Amino acid sequence: MMLNERAGVDPALKTRRALIVDDELLIRWSLSETLADRGYAVAEAEDGKSAVRALTDGHDRPDVVLLDFRLPDSNDLNLLSRIVSLVPDGRVILMTAYGTPELAHAAIERGAFRVLNKPFELQDLTALVG
């Protein structure tokens, strides 16, 4: 049970949380700023290990995870599967510059909410996240 629920606060009013996992600082920054402007509390991770640590060490799970497909320590769908298992109630959006129909299909089968091909428009992302 979340703290807001125990305190009698409407769960619909709780702060939405996002985790952005991308090794490119500029992409993390732009996504973080965009989501923060829309009311999200945003955490960032630069690789898969940091993402898993953020999800296992923290007590507030994100509502959405924006996950880059290719990271310094991950370039397959195993990290996606791990993250989906750690945030079963959240949306995991896989971002990739290497998208193929086969990759998209496999990612959806493993629990991704959507696969977003890079580059993308930030307004497309915010509509998808919201």
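List of remarks:
- Residue 61 of a type outside the set (Val, Ile, Thr) and within 27 Å of residue 106 (Cα to Cα): yes
- Among the residues examined, residue 54 qualifies as of a type in the set (Gly, Ala, Ser), farther than 23 Å from residue 106 by Cα and surrounded by 15 or more Cβ atoms within 10 Å (Cβ to Cβ).
- Qualifying residue in the stretch 99-111 (condition: without any contact (Cβ under 8 Å) to a residue 60 or more places away in the chain and either on the phi > 0 side of the Ramachandran plot or touching a Cys at 6+ places or on another chain (Cβ under 6 Å) (or both)): yes
- Taking the numbered list (1) aliphatic (A, V, I, L, M); (2) closer than 18 Å to residue 18 by Cα; (3) at pLDDT 95 or above; (4) surrounded by 20 or more Cβ atoms within 10 Å (Cβ to Cβ) in turn, residue 129 passes all entries but (3).
The values are calculated or read from the model by the stated rules, or taken from the named source; none is laboratory data. Keep in mind the model is a prediction, meaning the values are calculated, not measured. All Cβ positions, even for glycine, are placed from backbone atoms using ideal geometry, and neighbour counts span all protein chains on display.
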